[in-house]
Every structure is written in structure tokens, then in C-alpha cells.
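First the structure, in the form of C-alpha cells, and then the observations on it.
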């Protein structure tokens, strides 16, 4: 169930002292080959953290040997000094890997090291702790180090998120962190996926983009987009198997879907996971736009927290989508909550008392636009006292 | 300070029993002329309550004799039956006014009566209580009935919102209700403005549209848009004064600005009123788009509740605006909170400890895009435990 389950990977997680809690905060993932294929999907936020800028450049050649990740500081909005810190982290990691003989015969350059950071924005990283932490992480690298790495990237996560998709002779492993700021482009998070499939960089990139579009981009916990979102796929080729592009995309999508569902289940302060399905839209984009306004309605989300199937708040949100984005007749809209059609043809349907929201954490909301045949499911969470508490009681 | 301060208006507020609380729930405003000019700005939500559909038709001729308003039920998503209820309410009001001799020599038709409703969506109005309530409201009409009317339209409002703008020989009065769902197009609310200025329908309509765009459309408390938003301006001509179009627009804007500020100050559960000013944008629309994403960031709003000047959450929100909507260089952004420039050139500025958010309810956030000279100020509120409580503990 870890990123070291696929062949050709070693990993570690150590405590460098970046977090005041004293919990592990530096993770390292190394691709020991024979291939060093890499792809990444990065935040679309225009305010980008230094490690995002670095990783975009470093992965442009479709290759990487390692990913070094830290929690305890996002290194975002830290100016040229912050970028220099990221550069130095990559250089230091490359040198330490080389000195430890992990890099392989051809050595490791800074450009072979991808960097991810997560934590508070606008604060420099304490490099005097981070760099010794990198040394410790190199020393701790292990064939079964995936679990330690997954724990070291946690921030407000209450559980580590890991996955493994086993195919015939090859597999995809994954780890992710993320518990707040879960929104599109991407769900706010760091994620490293590993596979021992023998694939080229273009195939890995296409598979990763298809997978994220169908999974992490369908999670919108609180509508907020991070400056640090990064999803990385490393392919070692160690299995000697070469799946078709569709097979690879399928396995990576399954892995990402599993991790995305784990992120929703651990969203900060949430008491309900809500699957919003929009059916019979004119296009996928139309369906997604409708789903997203519902997912971002604080009134709707607070109602679900109160176990109130308040379909009026669904309709009032749906009605804000411009007709050119999603054509529909407001007098044709149907809404079902947990399978009970509480709204029919834009008006009152089954009695809302038939809906039992208290019974389970998972809630389904289905909106039928009667305007086509496209369908999208978007995951979100309810708006709770604990969400407000967690996001107001301390800076993060 | 009420809608009956301008000459030519009578009003009332009575208890019809629509609210379980037993508080006043039916209001009536009558324009006794000599003019019966009317203009309305209505929600842009595609899901529109029956009274909104009715009022749009009834005001199309630029004239109205009366406005009947009820709290205790929105009459939204109630199908053809709900529209029939609104129609019947207008007919009944017209007949009752005629029977009471209030309508003037030329009588009152249903098309002279505008209707507004507010309350829970998806529930039919109890017409057997509402219509007797209308009769009582007609009987209670008084030259100083504005205050009673303002109280009868309250829902979760903790105070009645009223205003009066006194000009040379004429004036503009106003009342509004709204405490949640405060969002653009319009801030969710009902509002009736009265003036004794002698103006034509086109001038009244232009003044009202200019005023709402600059005031209610600049309030975004919780990002949620209602199905019932209605702002109505009635002009009696009773002062015999005819201001210029600019003078009328100015006075109406002043009245709306006062009411908008009162709405923000009474937003459900809020502990802070936040003025987000975006400066030096390429256009007004660009400035507004940037202000709106900040106003809708739950992470930012929760931070303000926690008295935390978390400018990283401002920047991560600003960065989600597409470049074609608002061009700016992310590395040029400045952010000041309560006058302290905590972010300079996209990086760390003054120490956040210098910002004291606990001292006052009002908070200022200034974002400088360095991309032009357009400026917009948008008002919002913080995200609090009380907001979650009020919007989850009962259906509304």
C-alpha cells in the first residue's frame, strides 16, 4: 500500500525540526531505475510557491531521480530568497545522494531533484534544519520506506493517505497529503505516485494529466486553491513491463481516485463527504460548472452539516450559473438528496422528511438539468464548526 | 428615517401569522401620488421566485401604486401554484386598496401592485393567513407607517434597516431586509426606496440601476445569491421638485450605500465587517473579480474571524483569477491589512504582529495590483461559528 511497493523505489521520512510538533517533516523518494521517467501536474494558481516554479523547470525534460518534500513551511511568497532556498535544497539533495552512492553511475544533478513544500505561506524555511534533515533522509532511505515518507508529508491530515494499484506484473503506488484548501487546479495537496512500469515520459505525462483531471480536479472541499499543489509520477521501469497508454492511465487514475477519496474523507473539520452528481448537462464543462457552484455554496454546505436536505439552497446556487455556461430550464430542474427526489421540475417533490442525512457520513446530491447527456460527479464537504475552528484558531 | 418621510407615501406592517415567532410579517407601501412612477432591480438568479417574475412584469410599464411584502415564506420553487398565489396577492391588495378608497380616482389594478416575499424556499404560502393579513395592512396604513413596515420584512435580521437622504425640498427614504445570502446580483435582500421627487420612469430606472451597481452589488457577505432579491424605487412627485438625473442618482446611491452598510453590519453570525479594496487594476471589472475571490475565500474569512492577518490566504485567492480577467504580475502584489503592509512585491512585508484585528469590528484589506488605475471596494464578512450555527441549525 505504499510508494515503495512498485519495484525500483526507495523512500524515507525523518524529523528535521521544521514542525513545532516535533513530528516527521522531511520525506525523500528516490527512483533507482533503470528508468528515471517523471511527470508532474502543478497548481494553476498564479501565485506559485518556489518549489512549484523549481519543479516545473526540473521536470520539463521528463526525467527525475528523486523528490524531496517538506512539511512545516510552504516556501510560498518568499521572493528570490525563497527560490534560492529551493534551489539549494535540490543541490544539497543531489550531492547527498551522490555521496551515498544512490544516484547511479551517471551521478545526480540538482535538476534531477523535484521539490515540494507545504505549510504556512510567507515564511522562509529554516535551512539550517532542513539541510541536515535531507542528509538524515538520505541515510534513512529504505526499500520499505514509503510509509515513513507518507507520514512525513502530513500537515493537518489526521491519517496518512496511501494507495497501491496492482496490475499484471507492474503496479502503481501513491501517497498524498491534504486536508484543507481542497480545490480544483488541483485539490490542494502534495502527491507522489510511483510505478515500475516501463513507459516513456510522454506516456507518463498523458496518464498523469488524464488521471488528475478525472480525480483531484473533481474534489472541491472548500473552494480554496493552494500555491503549492503538486502531483508527481515517477516511473522506474523496474518491472520490465510496458502497459499500453490506456492501461497506464487507467491504473494511475484508479490510484488517484483512491487518494482523492481519502483526502475528502479527511478534510478539515468535515462531518459529511458530499458527492454532487450533475446529470443530463449539455457538456461536461456545463455539468462541472453547476456542480462547482453547489459545492461552493456555504449555505448549502452548512445545511448539510445540520442534516437538513435544503434543496432550495441547491437550486438558488444552480441558478447563478450563466446560461451560456450551462443551458437549462430552471422550471425543469430535479434534485435528489440521498436518493429522495425532494425537488421535481423546479418545485416541491417528495417530502424532505424522507431524507435521513444523520445516518451516514456520505451524502449524495443529484441534480438533473434535462439539457443533454453529460454527467459529472464532484466531491465536497460540509461547512462545520470544526472547519471554522481549524482555520481560525491558528495560522496555516 | 423611514420610507414614509418623503411626501406621498403611506405604509404599514402587521402580523398575519406567517412566522411561527408571531412577529410582524406583512408590510404594505402605497404611493399616494400624484405620480406613481416605479422602477425595480431584480435578482439575476435563473431560479426566480414567483414574486420576482410577477414584479418584473408589473413594473415593466414604469408605474406602480403599491408594494406588498411578506416575510415567513419566499414563494420560490413553488411552481405554477406559487405564481397563482402571487397573482392572487396582488389582486387582493388592489381590491382592498380600492375598497378603502386609497387607490385614487382611477382605481387600482393588480398590475399596479408589486410583490416581494422572503423566507424558506420550496414551501407554499398560507394564503388563508396572508390575504387577511393584506386586509389588515390596508387598514393599518399610516402616514408614519414606515417603521412598522421595516420591521415586518425582517427575517434573521437583528435590527430594522432604514435610511433617509434629505435634499433641498425633496428626499429619498429606504428600508431593507437582509442578513444572509448577501451576494451580488443583488445582495440578497428586499429593499423599497421612496422619493417625493417629480421624475419620470426612465430617470428613476437609471438612478436605481446606477445606485445598486455601486452599492448592493459591492456587498458579498457569503457568496450566495438569492432567488428573491428585489430593490424597488417608488416616486410620488409630491414635492413638486424635479432634480436632475445626476442629483436623483446621487441621492438614491447615498440611500442604498447606507442600507448596504447596515446589511453588512447585521450579516448572520459575523464578527467582522471587511472592506476589500483592490487598487491599480487594469479595469473596474478586473478589480471587482479580484476583490470577489478574496471575499469568497473561506480560509481568508476564517482567518479574519481568528484575528489572524493571514495575507498568504489573500494571495492564494488572488492568484486564482485568470490573467485574461485581471492582468497582474504575481511578484508585484502588495497587501495591507488595517493599514499595515504585510505583503510587499509578492513577498514578506511588515511583521504580521503589527496588525491588530481584535480592536474593531471593521477590517480593511487593500490589494495593490500595480496593473492600471481602476479601484473597487467590496464589503464582506468573516466566517464564524455563529454563521455555521445560524445556517445549519434550522431551515431558512
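Read-outs throughout are calculated quantities, based only on the coordinates presented, and are distinct from any laboratory measurement. Just so it is clear, the structure is predicted and the values come from calculations on it, not from any experiment. Heads up, the Cβs are rebuilt from the backbone with ideal geometry, glycines too, and the neighbour counts pull from every protein chain shown.
Can you tell me the orientation of helix A:79-99 relative to chain A, as the angle in degrees between its alpha-carbon axis and the longest Cα principal axis, to the nearest 10?
Rounded to the nearest ten degrees, it is 50.
Between residue B:200 and the same site in the other copies, what are the distances in nm, shortest first, taking label points 7 Å from Cα along the C-beta direction?
Distances to the matching label points in the other copies: 7.3 nm.
Considering only A:41, A:348, A:335, give the residue with the highest GNM mean-square fluctuation for chain A, with springs between Cα atoms whenever their separation is below 10 Å.
Highest fluctuation of the listed residues: A:348.
Under the convention of a label 7 Å out along Cα→Cβ, give the distances in nm from residue A:132 to the same position in every other copy, shortest first.
Here residue A:132 shows inter-copy label distances of 8.2 nm.
Starting with the fewest neighbours, write out B:390, B:350 ranked by other beta-carbon atoms found within 10 Å of each beta-carbon.
Fewest-to-most Cβ neighbours within 10 Å comes out as B:350, B:390.
At a Förster distance of 35 Å, what's the computed FRET efficiency of residue B:285 paired with residue A:20, Cβ-Cβ distance as r, to 0.05?
0.25
Relative to the longest principal Cα axis of chain B, at what angle does helix B:245-265 sit, 0 to 90 degrees, rounded to 10?
Its long axis makes an angle of about 70 degrees.
Starting from the Cα coordinates of region B:185-304, work out the convex hull volume and express it per residue in Å³. The partial results should precede the final answer.
On the way: hull volume 13.9 nm³, N = 120.
Enclosed volume per residue, from the Cα hull, is 116 Å³.
Starting from the Cα of residue B:127, step 7 Å along the direction of its Cβ; do the same at residue A:364; then give the gap between the two resulting points in nm.
Between residue B:127 and residue A:364, the label points sit 3.8 nm apart.
List B:20, B:165 from most exposed to least, where exposure is judged by having the fewest other Cβ atoms within 10 Å.
Going from sparsest to densest Cβ surroundings: B:20, B:165.
Just for chain A, what percent of DSSP beta bridges are antiparallel, to the closest 5?
Of all bridge pairs located within chain A, approximately 70 percent are antiparallel.
Once both axes come from the Cα atoms, what is the angle between helix A:127-140 and the longest principal axis of chain A, in degrees from 0 to 90, rounded to 10?
80
Calculate how many DSSP beta bridges within region B:273-392 are antiparallel, expressed in % of all such bridges and rounded to the nearest 5. Show your work: numbers first, answer last.
Details: 15 of 22 bridges.
Here the antiparallel bridges make up roughly 70 percent for region B:273-392.
Taking only the Cα atoms of the protein assembly as shown, how large is their convex hull per residue, in Å³? Let's see the in-between values first.
Numbers: hull volume 112.6 nm³, N = 792.
Taking the convex hull of the Cα positions in the protein assembly as shown, it is 142 Å³ per residue.
I want to verify the translational diffusion coefficient of region A:9-265 in µm²/s; compute it with Stokes-Einstein, Rh as the Kirkwood radius over Cα pairs, at 25 °C and 0.890 mPa s.
141
Give the percent of DSSP beta bridges with both residues in the protein assembly as shown that are antiparallel, rounded to the nearest 5.
Working: 96 of 135 bridges.
If I count the DSSP bridges inside the protein assembly as shown, around 70 percent turn out antiparallel.
To make sure I understand, if each residue's beta carbon is the centre and we count other beta carbons within 10 Å, what order do B:117, A:21, A:271 fall in, fewest to most?
The most exposed by this proxy come first: A:21, A:271, B:117.
Once the mean 1/r over all distinct Cα pairs of region B:132-253 is inverted, what Kirkwood radius in angstroms do you read off?
That comes to 15.2 Å for region B:132-253.
Could you check which residue among A:22, A:250, A:319 shows the biggest mean-square fluctuation in a GNM of chain A with a 10 Å Cα cutoff?
Comparing A:22, A:250, A:319 in a Gaussian network model of chain A, the most mobile one is A:22.
Quantify how much of the Cα-Cα distance distribution of region B:299-396 extends past 17 Å, in percent.
56
Between copies, how close do the residue B:100 label points come, placed 7 Å along Cα→Cβ, listed in nm from shortest?
Relative to the other copies, residue B:100 has label-point distances of 8.5 nm.
Cut-off 10 angstrom, C-alpha nodes, Gaussian network model of chain B. Which of B:231, B:108, B:123 fluctuates the most?
Among B:231, B:108, B:123, the largest mean-square fluctuation in the Gaussian network model of chain B belongs to B:123.
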